[in-house]
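**Student:** After the structure tokens below, expect a handful of questions from me.
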Amino acid sequence: MVKDIINKILLTDVIEEFPTYITIYGEDYTILWTNRISRERKGLALEDLDKIKCYELKGRSEPCEDCIVAKVIESGQPHTEEALEYEGDSPLKGASSWYLKAAPLRDRDGTLIGILKVSHNISEHVERKLQYEKNIEFLHDLVENTNDIIWASDSRGVLEYTNHAMERILGYTKEDLVDKPAPEFLHPEDKIKLEGIISSLVNEKKGWNNLTLRWKHKDGSWRYIESTSSPVLDSRGKVIAYRGVNRDVTEREHLTAQLMQAQKMESVGRLAGGMSHDFNNMLGVILGYLEMSFKRLDPSHPVYDYLKQINEAADRSANLTRQLLAFARKQIIEPKVLDLNSVVEPMLKMIRRLIGTDIQLHWIPEKNLWPVEVDPSQVDQILANLCVNARDAIKGVGNITIKTENRVVRKGRINGLLGMIPGKYVVLTVSDTGCGIDKKVIDDIFEPFFTTKPASEGTGLGLSTIYGIVKQNNGFVYAFSEPAEDTRFDIYLPRYTGERTLMENNKKISNALAGNESILLVEDEEAYLKIAKLLLDDLGYTVTGKNSSLGAYEHFRRNPDKFDLLITDIVMPELRGRELRDKIKAIKPGIKYLFISGHDTDGSSGRIRIDENEPFLQKPFTQRELALKVREALEAE
């Protein structure tokens with residue numbers, strides 16, 4: 001009867017060739033029928049059916065403890081499970097995963113006539129599932145351990161998830177942030193900015209790219225965070241959430257700010273340098289004619305006092321242009337290889353007089369200080385400006401400390417500051433116990449004309465002068481301060497690594513300021529040429545003035561024996577001063593020369609370097625300064 005039912009129900013070509021394993025067992029575990037794929041797997045032939053029990057195929061004498069057929073026989077109910085079969089338990093080699101389902105077969109009266117078992121090999125599915133789980137675990141580890149912040153929020157910006165990077169970058173744990181609106185952690189200005197962006201993007205169903213916002217660190221500081229997000233839409237196309245990645249770009253923003261500051265300072269410097277050059281020439285003319293006027297006026301003349309006031313104002317203006325030139329790095333420099341201690345120590349007596357008796361000056365020199373190459377007068381400028389500022393910052397009694405030390409910079413960062421070039425430096429430090437500098441303005445203190453003092457107490461050029469001098473010498477300057485705390489300025493000057501030679505000036509100059517030699521004067525500024533010629537004529541010299549370097553060369557070529565001295569501006573529109581000197585010396589090797597200049601508007605380095613053996617006079621100059629330099633040049637060996 002059972003076989004008849006089986007034949008009626010199952011023995012069709014479809015079931016026989018079905019790729020799933022189908023078997024019918026009797027109540028005694030006898031294999032009543034199985035399809036072809038199952039027979040092949042079990043190693044059975046059609047004639048073997050009704051003759052073997054299922055557990056005998058595994059070499060057992062009784063049913064397996066976990067046999068699904070046994071479970072159906074015992075319970076009378078269908079049963080489903082997954083099973084893993086290993087090599088040795090079946091004719092198959094290796095391990096395989098199976099999906100098993102067994103159910104009782106009953107006749108019309110409900111009498112159990114057999115158990116139908118369907119087996120499906122799900123090994124490939126299980127492998128895919130395991131691989132999927134591995135991928136999920138890998139992605140989870142990747143998200144949790146990446147350097148960037150991964151986050152999820154609802155459409156209002158309430159955070160639903162963040163990875164561990166949030167704690168590393170901003171100090172907050174997941175518990176601190178989840179279920180809280182992200183804008184709460186933003187700078188007030190950026191909070192308004194983000195809320196406006198979200199409200200507009202929700203309608204447009206868009207996210208945002210590379211949006212930089214300031215997030216508050218748990219310690220109260222601000223970090224610059226660059227954010228990129230994308231919306232999550234529901235089935236109706238409505239934005240229901242956002243997913244995004246945030247990156248800490250604080251260091252990049254600081255570098256960008258430093259670059260912009262440097263570019264701004266460079267632009268202002270070029271402007272200041274260009275103006276100062278022209279202003280210097282005009283001041284030279286004014287001071288020159290004033291000096292000639294004083295020689296021709298009796299001090300009792302009523303105009304004499306007026307001219308003195310003009311002269312004092314012009315002197316102050318000349319000092320102002322020197323500061324601007326220093327800031328613009330257009331100052332003429334005469335660098336020397338020296339021990340910084342040997343320059344600072346002679347200044348201490350003057351500095352003590354400058355700061356007064358209520359302030360104690362402490363000097364801490366480093367022994368065996370590395371040499372540097374710098375113009376000594378520039379070191380004097382740095383010390384004078386810093387010590388005056390320190391004195392003004394101290395109310396009543398206090399301390400100023402000057403210190404030198406050798407320092408090796410191994411990375412481009414000092415105390416959290418960026419931009420340093422690794423190398424060996426000599427550091428000059430000036431610190432004080434004054435009122436300190438507010439964080440809000442400390443980034444602006446090196447800008448020209450910026451000052452926290454009343455307008456009547458300073459020009460705002462002291463620190464910008466220092467900035468220009470240090471940059472001109474390939475160094476760095478940093479300020480460290482807090483309100484009501486000490487202020488410290490660190491000046492980094494590169495260690496000199498060339499051959500060190502100390503040169504002594506053994507030149508002997510006569511006391512005479514006048515002379516009768518013949519001078520070729522070359523200056524492209526017509527007004528300056530006239531006053532310089534007038535000053536030299538007044539000293540007794542025979543002067544031929546030329547405002548063209550090519551014209552001067554042609555004139556000299558025709559009259560080489562006529563001249564004893566060449567005075568030329570270094571920067572000329574045709575032949576540069578050194579080029580003119582070289583061409584003239586090729587004609588008359590023994591001729592003496594003197595360079596004059598305000599600053600270099602043409603040199604690629606933005607500065608003129610004067611060698612120790614080159615006679616040079618900085619504009620603007622007085623008649624006495626000119627007379628001394630002329631005698632020095634003429635009497636040089």
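The values are calculated or read from the model by the stated rules, or taken from the named source; none is laboratory data. Computed from a prediction, not measured in an experiment: that's the story for all the values here. Using ideal geometry, Cβ is built from the backbone for each residue, glycine included, and neighbour counts are taken over all protein chains shown. Accessible surface is based on the protein model in full, side chains and every heavy atom, while ligands, DNA and RNA are left aside. Shrake-Rupley method; radii C 1.70, N 1.55, O 1.52, S 1.80 Å.
**Student:** Going through the stretch 425-454 one residue at a time, which ones are modelled with pLDDT of 85 or more, touching a Ser or Thr at 6+ places or on another chain (Cβ under 6 Å) and either of a type in the set (A, V, I, L, M, F, W, C) or assigned to a loop (DSSP other than H, G, I, E, B) (or both)? Walk me through it before giving the result.
**Tutor:** Filtering the stretch 425-454 down to residues modelled with pLDDT of 85 or more leaves 425-433.
From the residues that got through so far, the ones that are touching a Ser or Thr at 6+ places or on another chain (Cβ under 6 Å) too are 428, 431-432.
Of everything in the stretch 425-454, just one residue is modelled with pLDDT of 85 or more, touching a Ser or Thr at 6+ places or on another chain (Cβ under 6 Å) and either of a type in the set (A, V, I, L, M, F, W, C) or assigned to a loop (DSSP other than H, G, I, E, B) (or both), namely LEU428.
**Student:** How do the helices (runs of 4 or more DSSP H) wholly within the stretch 545-637 filter down when requiring 3 or more residues that are at pLDDT 90 or above and open to solvent by 60 Å² or more (accessible area, probe 1.4 Å): which remain?
**Tutor:** So the answer is 549-558, 577-587.
**Student:** Mind checking which pairs have a first residue in the stretch 345-364 that is in contact (Cβ under 8 Å) with a residue 12 or more places away in the chain and a second that is part of a helix (DSSP H, G or I) and open to solvent by 60 Å² or more (accessible area, probe 1.4 Å), Cβ under 9 Å, 6 or more apart or different chains?
**Tutor:** Every condition considered, the pairs that remain are LEU354/ARG391; ILE355/ARG391; GLY356/ARG391; ILE359/ARG352; ILE359/ARG391; LEU361/ARG352; TRP363/GLU345.
**Student:** May I ask you to verify whether LEU320 is of a type outside the set (S, T, N, Q), at pLDDT 85 or above and assigned to a helix (DSSP H, G or I)?
**Tutor:** So LEU320 does not fit the description; no.
**Student:** Which residues, counting only those in the stretch 399-419, are modelled with pLDDT of 90 or more and not β-branched (Val, Ile, Thr)?
**Tutor:** Within the stretch 399-419, ASN399, LYS403, GLU405, ASN406, ARG407 meet the criteria.
**Student:** Out of HIS217, HIS254, report the one residue that is at pLDDT below 85 and under 30 Å from MET420 (Cβ atoms). Talk me through it step by step, then tell me what you get.
**Tutor:** On the way: HIS217 fails: at pLDDT below 85.
Exactly one of HIS217, HIS254 is at pLDDT below 85 and under 30 Å from MET420 (Cβ atoms), namely HIS254.
**Student:** Could you please find all residues in the stretch 138-159 being out of contact with any Lys or Arg (no Cβ under 9 Å at 6 or more places or on another chain) and in contact (Cβ under 8 Å) with a residue 12 or more places away in the chain? Before you say what the answer is, go through the steps one by one.
**Tutor:** Here is the first cut: in the stretch 138-159, the residues out of contact with any Lys or Arg (no Cβ under 9 Å at 6 or more places or on another chain) are 138-146, 154, 156-157.
Within the stretch 138-159, VAL143, GLU144, ASN145, THR146, ASP154, ARG156, GLY157 meet the criteria.
**Student:** Evaluate the following for ILE400: is it among the aliphatic types (A, V, I, L, M) and open to solvent by 50 Å² or more (accessible area, probe 1.4 Å)?
**Tutor:** No.
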